[in-house]
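The values are calculated or read from the model by the stated rules, or taken from the named source; none is laboratory data. Values in this document were obtained by computation on a predicted structure and should not be read as measured data. No Cβ is skipped: glycine too gets one built from the backbone with ideal geometry, and neighbour counts run over all protein chains shown. Surface areas here come from the heavy atoms of the whole protein model, side chains and all, with no ligands, DNA or RNA. Shrake-Rupley method; radii C 1.70, N 1.55, O 1.52, S 1.80 Å.
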Amino acid sequence: MHNPCLACGACCATFRVSFYRGEAIPGDGAVPEELTTPVTPFRLAMLGTTAEPVRCVALEGEVGGRCACAIHPLRPSPCRDFEASWEQGQPHDRCDQARARHGLPPLSPADWA
Ligand code: SF4
Ligand code: SF4
């Protein structure tokens, strides 16, 4: 299936990506701790997502062009849980907002064809 996220990356350059620090405890599937920064005693955020201009340190490529997550198999839970519009048959405001912020139109069902 065509994945429009590989030509977008807007959410990785829009939102703070924070998560429970246990996700970066070294071990199988852990988020690479060196790519994170503490935001509270119990939470980390991906470097690059805590201040404007937001751009996650793990985002490779160009927003709106070819792009990819350098740590895709190890990405934190907010990234795993983030749903793209129409990926599961419905729109999602946060995806649409992120794309709008980068001058991209909202996805449509046709983008997943
Ligand atoms: S903003 Fe939406 S389309 Fe773009 S990468 Fe994120 S989930 Fe995918
Ligand atoms: S970890 Fe990967 S999916 Fe998550 S914000 Fe960073 S680049 Fe995007």
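List of remarks:
- Within the range 1-25, considering residues that are out of contact with any Asp or Glu (no Cβ under 7 Å at 6 or more places or on another chain) and of a type in the set (A, V, I, L, M), the one surrounded by the most Cβ atoms within 10 Å (Cβ to Cβ): Val17
- Scan the range 76-102 for residues that are out of contact with any helix residue (DSSP H, G or I) (no Cβ under 8 Å at 6 or more places or on another chain) and away from ligand 1 (no atom under 12 Å from the Cβ) and the total you get is 1.
- Where Glu83 falls short, out of the listed (1) open to solvent by 80 Å² or more (accessible area, probe 1.4 Å); (2) of a type in the set (D, E, K, R); (3) in a loop (DSSP other than H, G, I, E, B): (1)
- Within the range 36-95, if we keep just the residues that are of a type in the set (Gly, Ala, Ser) and closer than 27 Å to Pro26 by Cβ, the residue that is farthest from ligand 2 (Cβ to nearest atom) turns out to be Ala51.
- The set of residues from the range 36-54 being part of a loop (DSSP other than H, G, I, E, B) and in contact with a Cys (Cβ under 7 Å, 6 or more places away or on another chain) comprises Gly48, Thr49.
- Checking each residue in the range 17-31 for being over 23 Å from Ala98 (Cβ atoms), part of a loop (DSSP other than H, G, I, E, B) and not acidic (Asp, Glu) picks out Ile25, Pro26, Gly27, Gly29, Ala30.
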